[in-house]
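> Pasting a structure here, questions to come.
A short reminder: the numbers here are calculations on the coordinates, not readings from a lab. Since we're looking at a predicted model, the values are computed, not measured. All Cβ positions, even for glycine, are placed from backbone atoms using ideal geometry, and neighbour counts span all protein chains on display.
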Amino acid sequence: MRRAIVMLHGLQVRRFVKQGLLWGLLGLIGSASSVWAQTGTITGIVVDAETQGPLPGVNVVLVGRPIGAATDAEGRYTLAGLAPGTYALRASFVGYQDQVQEGIVVRAGEVVTVNFALRPTAVGLEEVVVIGYGTRRWRDVTGSVASVSTEGLNLMPVTGPDQALAGRVAGLQVLQGSGIPGGGPQIQVRGVGAIGAGNQPLFVVDGFPLPSSTNEIRNPLNDINPEDIEAITVLKDASAAAIYGSRAANGVVIITTKSGRGQRPTVTINSSLGVQHIPAERRPDIMNAREFAQWMKEKYEDHVRIDLGREPTLEDIPEPYRYPESIQGVDWFDAVTRPALMSDLNVSVSGGSQRVTAYFSAGVLRQEGVLKNTDFTRYSLRANLRFHPSEAINLGLNVSPVFTQRNLPVQGGGGIWDETFERNAGALSMGQILVTCPIARIDDVQVGCPGTFSWPNPVKALESLKFGTESARLVGSSFIEVMPFSSLRLRSQLNTEVFGSETQFYRPSTIGQINSPPPLSPQGRYQTSSYVNWLNENTANWSLSAGHHAIEVLLGSSFQKHTQRNGSFTGQEYPGDEVQTLNAAARITGATSIEAWGMISYFGRINYELQGKYFLTASLRRDGSSRFGPRNRWGTFPAFALGWRISEESFMHNLPWIDDLKLRFSWGETGNNNIGNYDYISRITSQNYVLSGGLASGRIVSSLGNDLLGWEKTRETNLGLDITLFNNRIILNAEVYQSYTTALLLDVEIPPSSGFTTIKENRGKVRNRGLEVALQTINLRRNNLIWSSNFNVSINRNVVLELGPTGAPIFSGRSGEANPTHITMIGKPVGMFFGYVFEGLYRDWDDVNNSPHFPGAIPGNVKYRDVNGDGTITPVADFTVIGNPYPDVVFGITNTLTYKNFDVQLVLTGQLGGEKLMAFKESLNNIDGVFNIEREMLQQWRSPEDPGNGRVPTTAGTALGRVLFRDVNSLWVKDASHLAIKNITVRYGLPVRWFQSWMPIDRAAVYVSAQNVYYFTSYPGNPEQTNYNDTGNALRYGNPNLTPGLDYAPYPLPRTITLGVELSF
């Protein structure tokens, strides 16, 4: 019953909205009602110029004024309450060219009819796109900028807008590697440039750069309701992004939220309910109870036969494994997973008058996890207000409070060891669940079999562990814009973000640990984090048009400060489980910290246009960051871009099939300061020492500082071609680029005689080269049928050119045997897979004696390549590059089909090439007999006459043979090429006449949407899985930039199917 409330609420909320939010908005604009009797009205119909069919949802606005309306299902619009005067009216709609009608005279008490007939286009050349600190017409853009259509974004079953970007933009790769409720995808723009600093793009929301980045657990973009988004723009090259300077080296994603228009209040309700489940192809291929018993029986038999030299008897086999065919057990993966519900309810009210406009919204999202006792809930509100007291003054206020709750007692990607109890404050890991012995009962408290490790019952652990996080976030933005005269606009904006979260963990005495059954002493933890981030930006924008010349000048300054407070406390020695807060613990340890960073920036930009066909953009930004040494805090970031509209030249006029042809060239420099706040300062910690025969407290220098530490910089060159063909039915954008990231922020090794191991310095150089092609087409347009497509493909090649003072390679990651998993070396891409090269199994003693081998090798053991040629197989010394995590080609395809009242959207994404390192095999290929393992291990080598599948070695012999098999090797590397059906959405617009008898409805629709539908791939599992959890254990994961492509048994990614309804009135 509780789950049905969400859908019922979608019906009940109509009365609440009409009597509450609607009346509040009417009160806000009611002051205008007294003058409407002395005003005029503009009304009309908007149709498709080719089919003459009505166009619903078209924006019709007064040019230069915040007054407008959207057409209804019949294509009609009305602008009422207009003061007498002469107006210009613009009609705009996605997929159509804008149309402007001027000289519309409005008189008091009269109704003027103005109709529009819009011509279709793959993308409107007159469309205005948001760029850094301003907007430009699409046709005039000189940098590499992509505008993402938000049409249908609110219908997709995603928790944040970043997940909906997959496959939409060439050069932008979105990988949804985990299904953690409320988690985020990994996003990269044009490959990997940074090594020691952050590698994610900068997200700017309503002019406010977000201070925190996304990872698989915490995603700040989930605090933005997709329903509230008006536009998304991606700045890809340095010339477009350089205006953001210091943080734009990895690209910029600009998100603009909705604002009200001067029209009658419009209420929109969007409610959906869906189910998530794990498809069969994403389930782990591990042994069931009978298979595990059979494998263990054969393991004991081979030990006796090969190691002891005799035939085994029944007494040699532990009793539970003697008769595998009679074994009953538990599928632990099935026991801890479930079909999970996902519900979303959003209500918005938009409207206003000539002087005041407003947009209000409220939303509730609840996402159950497909693992039991995991979930994410978001409550969001938004109020965007605009005030226009006069033609020369604009005021704005945006306020967005968000409250979230999450329970996450299990995470993925952490291996199985006790470090997960430290890293995740006691959460279980997916790896631990998978290796639990299947020969058990569902109600066992501690699960273990003869010879295996014992673990807490996964089901009981999920039910009993308390691991919840609550967070509150308030983002406020206010601005004043003054126009002393028509060509000069002065703007001052103040942004503030206040964030606070607390995490509470408790492991009761009834839950054990590895090989430690309960009762155990309970453990509790309390963590808190809060920050205040404020930003003040002031800009002056001057524009002038004279004859064939047009110039626009931007000057600005920016001041930002971020202060963060953290605390973490652990409680132990609880007397019992009755009181689970820290005050019940006999011993409490912990610490608090305060960190801060600041930035001061000055910037400017000039846009020049000659005859509408020659364009020049030049920008310069200078940033000062507190994260760098006092002598090197300031960085200067220049950029310029040139554009030539070839189609405007006289020699092109005889080619009518070319509507627009533009050549672009740009160069720019951006920076990266995404490092620790105090990395340039030497650290001091406590250290006891002996004084007069006793211990005395003291202080030591624990790390070396570097007051010359400065900016990591990326210089990029971009050449682009934009062409529009056949009456705007085909749009082609092609780009080639080359970037160099220099002065890398690296931890450089120093001589041990210094007393330290590394120091952070600016050293190293990485190059990225690439090609991007985006094609937008209207494939078919007949009567009521429209079919359009968007195809994009990108190729990026990454190579390391310089490293450190000696050029020595960087080893990163750590396997279960404490060996590196990745290597970064000159001449190769960043973070290549590093391990043994598998060459089969030793067939017999002749093969062992005549081949390089490890000490104690016997027939049936794993056979690796002797890389260093010394005749002995040795860890690390015989490691080499075994795989490349970067795809050869990344692509996306979006098809949209409209037939009468039906809309269908199909989003495909994929890649060719690129590999994953299946690091989960360190436990699921552990043939010591201590874990449950992959089903393939049933095909092990048993004798020269029974060699199995040739990939699984014998379980007999010395432990070293089994250890080598579970260390990093080329068998772990798997091609991750795939084609994904990312989203399918079908919407049906209900005839509004069905509702007219009981309520005036402007628009009504029902829809079905499916996310992460299917992956066509040979990869066993989710081919998008990657390691980017920057909260991970430093030894285990290392720098995520240096350990790409790791698959450590993530939280499963579900398929989601939702059913929803939209109402607008």
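> Give me the angle, in degrees from 0 to 90, between the Cα long axis of helix 5-19 and the longest principal axis of the Cα atoms of the chain, rounded to the nearest 10.
For 5-19 against the chain, the angle is about 30 degrees.
> Mind putting a number on the dipole of the chain about its Cα centre? Charges go on the C-beta only, +1 for Lys and Arg and -1 for Asp and Glu, and I need it in Debye to the nearest 20. Numbers along the way, then the final one.
On the way: 92 positive and 95 negative charges, 639 e Å.
Once rounded to the nearest 20, the dipole reads 3060 debye.
> Once you list every other residue whose beta carbon is under 15 Å from the beta carbon of E391, what net charge do they have if Lys and Arg are +1 and Asp and Glu are -1?
On the way: positive: R65, R355, R386, R489; negative: E481.
Summing Lys/Arg as +1 and Asp/Glu as -1 gives +3.
> In whole angstrom, how far apart do the alpha carbon centroids of the stretch 226-266 and the stretch 918-938 sit?
Each part reduced to its Cα centre gives a spacing of 47 Å.
> Considering the Cα positions of the chain, please state its Rg to one decimal place and its Dmax as a whole number of Å.
Answer for the chain, Rg first and Dmax second: 31.5, 108 Å.
> OK, next. Going by the alpha-carbon gyration tensor, a ≥ b ≥ c the square roots of its eigenvalues, is the stretch 441-565 rounded (a/c under 1.5) or, if a/c is not under 1.5, prolate (a/b greater than b/c) versus oblate? Could the numbers behind the result be given before it?
Numbers: a/c = 5.79, a/b = 3.68, b/c = 1.57.
It is prolate, given that a/c is not under 1.5 and a/b is the larger ratio.
> Please say if the stretch 218-362 is rounded, prolate or oblate, where rounded means a/c under 1.5 for a ≥ b ≥ c the square roots of the C-alpha gyration tensor eigenvalues, and otherwise the choice is prolate for a/b larger than b/c and oblate otherwise?
Values: a/c = 7.49, a/b = 2.58, b/c = 2.91.
In terms of gyration-tensor shape, oblate.
> Sort out for me the Cα centre separation of the stretch 318-376 from the stretch 542-611, rounded to whole Å.
30 Å
> Relative contact order, percent, of the stretch 797-948 when contacts are C-alpha pairs under 8 Å separated by at least 6 residues?
Details: 255 pairs, mean separation 25.2, N = 152.
In percent, rounded to a whole number, it is 17.
> Report, in deg cm²/dmol and to the nearest 500, the calculated mean residue ellipticity at 222 nm for the chain, where each DSSP H run with n ≥ 4 adds -39500 (n - 2.57) and the sum is divided by the residue count. If you can, show how the numbers build up before the last one.
Working: 13 runs with 89 residues, N = 1065.
The per-residue figure over the chain is -2000 deg cm²/dmol.
> Classify the stretch 754-906 as rounded, prolate or oblate, taking a ≥ b ≥ c as the square roots of the eigenvalues of its Cα gyration tensor: rounded when a/c is under 1.5, otherwise prolate if a/b is larger than b/c and oblate if not. Show your work: numbers first, answer last.
Numbers: a/c = 3.89, a/b = 1.88, b/c = 2.06.
Oblate, because a/c is 1.5 or more while a/b does not exceed b/c.
> Normalised by the residues of the stretch 448-606, what does the relative contact order come to in percent, with Cα pairs under 8 Å and at least six apart? Could you put the intermediate results ahead of the total?
Details: 368 pairs, mean separation 31.5, N = 159.
Answer for the stretch 448-606 is 20 percent.
> Hey, if you put +1 on the Cβ of every Lys and Arg and -1 on every Asp and Glu Cβ in the chain, which of I606, A249, T806 ends up farthest toward the positive end of that dipole?
Toward the positive end, the furthest listed residue is I606.
> Straight distance only, please: which lysines reach the Cα of K982 with their own Cα at less than 28 Å, same-chain residues fewer than 8 apart left out?
Here the lysines satisfying the reach criterion relative to K982 are K236, K258, K372, K900, K916, K921, K974.
> Using +1 at the C-beta of Lys and Arg and -1 at the C-beta of Asp and Glu, which of L210, G183, A117 has the Cα lying farthest in the positive direction of the dipole of the chain?
A117
> Just how far, in whole angstrom, is the stretch 515-534 from the stretch 150-183 if you go by their alpha carbon centroids?
First find each Cα centre; the distance between them is then 31 Å.
> Now, a different point. Express the relative contact order of the chain as a whole percentage, based on alpha carbon pairs under 8 Å and six or more residues apart in sequence.
On the way: 3025 pairs, mean separation 125.5, N = 1065.
Here the relative contact order equals 12 percent.
> Here is a follow-up. Once you place label points 7 Å from the Cα toward the Cβ at R355 and K561, how far apart are they in nm?
3.7 nm
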